[in-house]
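J.: Quick one: this structure, given as C-alpha cells, is what I'll be asking you about.
Values quoted throughout were computed directly from the atomic coordinates according to the rules given, and no laboratory measurement underlies them. Keep in mind that this is a model prediction, so the values were computed, not measured. Using ideal geometry, Cβ is built from the backbone for each residue, glycine included, and neighbour counts are taken over all protein chains shown.
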Amino acid sequence: MVKKKRRSMLYIPGNNPAMIQQAGVYGCDAVLLDLEDAVALNQKDAARILVRNMLKTVNFYDTEVCVRVNNFHTPFGLTDLEEIVPLQPDNIRFPKTETVADVKEFMKEVRRIEKEHGIKNPTMTIHVMIETAKGVANVYDIAAADPRIDAITIGGQDLTADMGIIKTPDGVGIDYARKRIVMAGKANDLDVLDTIFADVNDDEGLREETEYIKKIGFAGKALINPRQVDVVHDVFNPTENEVRKAYRVYSEFIKNKKAGIGVFAIDGKMVDAPVVQRAITVLEYAKIDLKEIEKNAG
Amino acid sequence: MKNAIGVEIPEYIEGLGKLEPFQGVWKSIIEDEVPSTNISRTLKAKKPHVSKLCKNLEEAIKRCKPFDGMTVTCHHHLRGGDGVLMQAIKILDEMGIKDITLASSSLTSAHDGLVPYVEKGMITRIFTSGIRGALGDAISVGKLKYPAIIHSHGGRVRDFLTGRIKPDLSVLAASAADEEGNATGAHGPSAFGSMGYADIDARYSRNVIIVTDNLVEYPCVPCTVRQHFIDYVVKVDSIGDATKIASGTTRITNSPMDLRIARIAATVIEHSGLFKNGMSFQVGAGGASLAVAKFLREDMKRKNIIGSFMIGGVTSYGVDMLNEGLFHSIFDVQSFDAAVSTSVLNNPNHIEISCDQYANPNNCGSMTNKLDVVVLGALEVDVDFNVNVITGSSGEIRGASGGHSDTASGANLTVVVCPAFRGRLPIVKDRVHTVVTPGESVDVIVTERGVCVNPAKPNLAAKLKEAGVQVVDIRDLKEEVEKMTGVPAEKQLGDQIVGLVEYRDGTIIDVIYNVKNLS
C-alpha cells in the first residue's frame, strides 16, 4: 500500500470557521484542527462544537484530517474525545504524551467511545506528540505502546519551555530530541513529523530547517500558515534527476528480478533491496505508477 | 431585441440614441473594414509667439468657450488622488454650464463629489470604464438622467474615433509640462507614469487644457502629450493628493487563499502550451491576479524562460521582472504605482503607449491582439464563463470594465482568477448579474476549489488534466459551493435602465437596472 504523504501538516485553530471551511484547498497534505494550544481557555467549548460540526459538513478533499485534542489531564481532554472520536477523523493527535501509561489511558477511552458508538472497524489512527523531556526519555516505549499509533511528532515550543531553554534558529537545543524521536519512530515504522517554524515571513529559514529535518529522517513538518506549504513541499519533493534515477533503478530491478538476480549494479554502483526501497519512495512521491514501469520493463 | 447572449436590449434610449446589440466577440470587427463613421481631427490654429499659459483653470476653461450640452473628458492616471476633474466640474458649474456629458477614462473614489452635480442635472450623461463608491450608488438608484455607458479601455478609443464620444473640452493633468503643453506623467514631484489614456483625449478633443503642478522650462523632455494638440496650459499648486497618486510600490498579497489561487493559475499557464520563450503576458494589479506574477516569475526562472513583453497596467512588480531580464520589454498604458514612473523615464525597453495602441479594436496594431496570456479578476463568473467586473452583490455599480474584455478577446489564453465564494456569497452563478466579458473569450476560470476550462477548449482541458491540475466542471463547482453558501436571494431591482455595458466594438452586451434597496 502506498503510504500517505505527510510532508505538510497545517495547524488550523479549532475556533476559526473561515479557515476550517477552506482547510481542504490550501494544498497541504494534512490539516490539524487544533482544540489545544491555539484555542483560548474560554473558547474551548466553542472550538470543540465547531470542529465537530465542520467534520460532518466540510469537504476536505484528499487532505488528511487530524484533530489535536486537549491533554487528558486537563478538564477538556475527555470531552474532546467524546465529541470527536465518534466522527472518526483520519487521526487524533494526543499532546504532551510522556509515558506508556498515558497512551494506555488515552486509548482505553478511545476504544470505549468507539464501542459505545458501534464503531467496529475504526479507521482513525493516533499521533502521539512528544513535548517534554520525560516524553523524549520514554519515546521508544511510547512509540510501541499501541498498534494504532502511526505517527509520532515533536512539539518544539513546549519542549524548549520544559527544558528551560530558548528555541534558537539553529534548533541545537532540540536536536538530540529530534534525532531520538526519529529513531524511535523508524524502529516502529511510524511517520515522524517535525515541529512548526514560527516565522511565517522567513521562507529561507523555513527551507533550511526543512532540508535539515528531511536529512535526519522526518517525513514532514507542521505548519502554521498556508504560505509555508510550497516551500516544505519543494524540499520534500524529489528533484527531476532523483526521479529519473529512481525510475531507472526500479526498472532495472524488475528486469533483474525476472532473471532471478537480487543484487545488480547501475553505472558501477551496487543496487540492493534498500536502494530499491528508496527508489520506490521517490517514485511514489512523484506520483509515478509503479505498475507502468513494471509493464514497460517487462 | 435580444443580443447574442440573450439579453434584451432596447433599440433606442432617449439621450443616447440607437443601440446595437452584441453579436459575438469578433462579429462586428472585420479585418480591413473601416467602421462606417469616422471622425477627423479637429482643425486648430494659433498665431506665432502667443502664450498658451492661463493664470488659472477657470480662465483656461472660459477661453475654451464652454456651453450647455458639452462633453468634458479627463483621464484617471491620478487614480484615487485625482484633484483635477473635480476642480474642472466645479468651475463649469459656477459658470452655469448644464447638461454635461462626462467622459473620463475611469472614475474612482476621488470622484464621490460628483454626486450633487449628477443630482441637480449639471451632469446628465457619463461615459467611462469604471464607476465606484458614492457615485456608483447614486447612479445605481437612478439619479443620473440618462443611463451611464460603461465601455472598455479599447472601446473608449473606438468611441472617440467613431464620434460616439465627441470631446469638446479635455482637462488633462500632467506631472510635468511646459508653456506649450508638452506634457508627461513620468517625471516631476507628482509623477504617475504613463499618460496612455490621456494621449487620446489630447489628440481628438476640440479644446485641450494641460494642468500641471510642475511647469518646467521649455521644452519638457521627455514628453508624451505633444504641444501641437494643446490649446492652454495652467500651472496649479496641486493636481491632487500625492499620497494617493504615488502610492508606493505594489506588494504581493499575504492572503493565503489569493496565493493559493495564484499558484494554481501559474500552474495552468505553465502547462497551457504557451509557457515558452517569447511569451507575452498581462496581469492585473489586485490580489490573486498580481500574485500570479510572483509564481510565474519563479517558474520562469526555474525553467529559464524569457518572455517577449508585458502590457497593460504596470506595477513595480512587473518592472522588477523586466529588470531581471525575464521579459524583453513592457508596453505601458497605465502605471499603477510610483516606482513605475522611474522605469518609464529611464528604461528604453519600458515603452509608454497610447490606449489606441493598447486595445482599440478598430486599428491594425492593437497590443491586446498580440497577447499570449492574460490573468484577470472577477466579481462573479457564470456557468457560461461570462464575467462580471462591474456590479456588486446588490446589483449596484461598483467596479470597472477597464481592459477586461479587450485583453480577453485578444489573448491566446484568458485566465480568470477568483475565489469560489466570498464571505457567504457564491461567485459562480447560473448567470452573472452583468456581463462585461463574454464567456466566448474566457478560457479558464481558476478557483481554490478547482479549475474550470471552457468546453470550447477540450485540448486545453486535456493538457491540464495530464499535468495533474484539478479540472472540474463549472456546474459541479457551482453546486458544491452552493451546498456551503446556499443560493442568495434575488436582487431587488426596478425597471429603470441606469447603465449600459458597451462591448469593445460599440454594441451593447448588457443592461443595468436600478437597485431598489441599496444597503
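J.: If you build the convex hull over the alpha carbons only and average its shadow over all orientations, what do you get for chain A? Give it in nm² to one decimal. Mind dumping the intermediate values first?
T.: Values: hull surface 68.9 nm².
The number I arrive at for chain A is 17.2 nm².
J.: Something else now. What is the Cα centroid distance between the stretch A:25-82 and the stretch B:61-110, reported in whole angstrom?
T.: The two parts, judged by their Cα centres, are 58 Å apart.
J.: Describe numerically, in nm with one decimal, the distance between label points set 7 Å from Cα along Cα→Cβ at B:T37 and at A:E294.
T.: So the label points at B:T37 and A:E294 sit 7.4 nm apart.
J.: Could I ask something else about it? Largest first and in whole Å, what are the equivalent-ellipsoid semi-axes of the stretch A:240-297 based on the Cα gyration tensor, each being the root of 5 times an eigenvalue? Let's see the in-between values first.
T.: Details: eigenvalues 59, 36, 17 Å².
After scaling each eigenvalue by five and taking roots: 17, 13, 9 Å.
J.: What's log10 of I(q)/I(0) for the stretch B:119-204 at q = 0.10, 0.13 Å⁻¹, Debye sum over Cα points only, no solvent?
T.: -0.34, -0.56
J.: Calculate how large, on average over all directions, the projected area of the Cα convex hull of the stretch A:146-236 is; give the answer in nm² to one decimal.
T.: About 6.0 nm², averaged over all directions.
J.: Could I ask something else about it? Using the Cα atoms of the stretch A:6-51, I'd like the radius of gyration and the largest Cα-Cα distance, Dmax, both in angstrom.
T.: Just the Cα atoms of the stretch A:6-51 yield Rg and Dmax of 10.6, 32 Å.
J.: Taking θ = phi - 60°, what integer Hz values does the Karplus form 6.51 cos²θ - 1.76 cosθ + 1.60 yield along the stretch A:19-33, in sequence order, with x for Gly and Pro?
T.: 6, 5, 4, 9, 3, x, 10, 7, x, 7, 6, 8, 10, 10, 7
J.: Further question on the same structure: Just the Cα atoms of the stretch B:41-197: what Rg and Dmax do they give in Å?
T.: Over the stretch B:41-197's Cα set, Rg and Dmax evaluate to 15.6, 51 Å.
J.: R0 = 51 Å: FRET efficiency of A:I166 with A:K269, Cβ-based, nearest 0.05?
T.: 0.70
J.: Whose amide H sits under 5 Å from the amide H of A:I154, counting only residues 5 or more places off or on another chain, with H placed in the peptide plane?
T.: Distant-sequence amide H within range of A:I154: A:I130, A:L193, A:T195.
J.: Let me ask something else about it. Can you pull the Kirkwood radius for the stretch B:191-312, inverse mean 1/r over Cα pairs, to one decimal in Å?
T.: Averaging 1/r across every pair of different Cα atoms and inverting gives 17.9 Å.
J.: Remind me, what semi-axes does the stretch A:186-298 give for its equivalent ellipsoid, largest first in whole Å, using sqrt of 5 times each Cα gyration tensor eigenvalue? Numbers along the way, then the final one.
T.: Values: eigenvalues 221, 40, 29 Å².
The equivalent ellipsoid of the stretch A:186-298 has semi-axes of 33, 14, 12 Å.
J.: May I pose another question? Among DSSP beta bridges whose residues both lie in the stretch B:256-488, state the antiparallel percentage, nearest 5.
T.: 30 percent
J.: Distances over 23 Å make up what percent of all Cα-Cα pairs in the stretch B:249-378? Don't skip to the end; give the middle numbers.
T.: Working: 2279 of 8385 pairs.
Of all Cα-Cα pairs in the stretch B:249-378, 27 percent lie more than 23 Å apart.
J.: Hey, another quick one. To the nearest 500 deg cm²/dmol, what mean residue ellipticity at 222 nm is calculated for chain B from DSSP H runs of n ≥ 4 alone, each contributing -39,500 (n - 2.57), summed and divided by the residues? If you can, show how the numbers build up before the last one.
T.: Details: 15 runs with 134 residues, N = 519.
Theoretical 222 nm ellipticity from helices: -7500 deg cm²/dmol.
J.: If I model a spin label as a point 7 Å beyond the Cα along the Cα-Cβ vector, how far apart are those points for B:H49 and A:N42 in nm?
T.: Reported label-point gap for B:H49 and A:N42 is 8.3 nm.
J.: Give me the compactness ratio for the protein assembly as shown, meaning the Cα radius of gyration over 2.2 N^0.38 Å.
T.: Compared with the compact-globule rule of thumb, the protein assembly as shown sits at 1.12.
J.: Quick check on my link table: of B:K98/B:K143; A:K5/A:K269; A:K258/A:K295; A:K179/A:K215, which ones sit more than 19 Å apart, alpha carbon to alpha carbon? Don't skip to the answer; put the middle values down first.
T.: Values: B:K98/B:K143 15 Å; A:K5/A:K269 29 Å; A:K258/A:K295 12 Å; A:K179/A:K215 11 Å.
Beyond 19 Å: A:K5/A:K269.
J.: Where both partners of a DSSP beta bridge lie in chain A, what percent of those bridges are antiparallel, to the nearest 5? If you can, show how the numbers build up before the last one.
T.: Values: 3 of 33 bridges.
Roughly 10 percent of the DSSP beta bridges within chain A come out antiparallel.
J.: Taking the Cα centre of each part, how many Å lie between the stretch B:7-23 and the stretch B:475-498?
T.: 26 Å
J.: Gap in Å between the Cα centre of the stretch B:384-445 and the Cα centre of the stretch A:250-293?
T.: So the separation of the two Cα centres works out to 50 Å.
J.: Then there's this: Return the distance in nm (one decimal) between the two label points of a simple spin-label model at B:R226 and B:N277, each offset 7 Å from Cα along Cα→Cβ.
T.: 3.7 nm
J.: Another question about this same structure. If you take the Cα atoms of the stretch B:1-121, find Rg, then find the Kirkwood Rh from the mean of 1/r over all pairs, what is Rg/Rh?
T.: Answer for the stretch B:1-121: 1.05.
J.: If you don't mind, there's one more thing I want to ask. Computed on alpha carbon atoms, what radius of gyration and Dmax characterise chain B, expressed in Å?
T.: According to the Cα coordinates of chain B, Rg and Dmax are 22.3, 73 Å.
J.: On a straight-distance basis, which lysines could pair with A:K96 in a cross-link, Cα separation under 16 angstrom, same-chain partners fewer than 8 positions away excluded?
T.: Cross-link targets: A:K104, A:K134.
J.: Rounded to two decimals, what is the ratio between the C-alpha radius of gyration of the stretch B:256-488 and 2.2 N^0.38 Å?
T.: 0.98
J.: Per the helix-only calculation at 222 nm, which mean residue ellipticity applies to chain A, given -39500 (n - 2.57) for every DSSP H run of n ≥ 4 and division by its residues, nearest 500 deg cm²/dmol?
T.: So the calculated ellipticity at 222 nm is -13500 deg cm²/dmol.
J.: Another one. Taking only C-alpha pairs under 8 Å that are 6+ residues apart, what is the relative contact order of the stretch A:126-170 in percent?
T.: Computed over the stretch A:126-170, the figure is 49 percent.
J.: If you line up the Cα atoms of the stretch B:406-506 on their principal axes, what length do they span on each, largest first, in Å?
T.: Extents along the principal axes, in whole Å: 49, 38, 18.
J.: Run the numbers for B:D68 and B:N349: contour at 0.36 nm per residue of separation, minus the present Cα-Cα distance, in nm.
T.: Gain on stretching B:D68 to B:N349: 96.7 nm.
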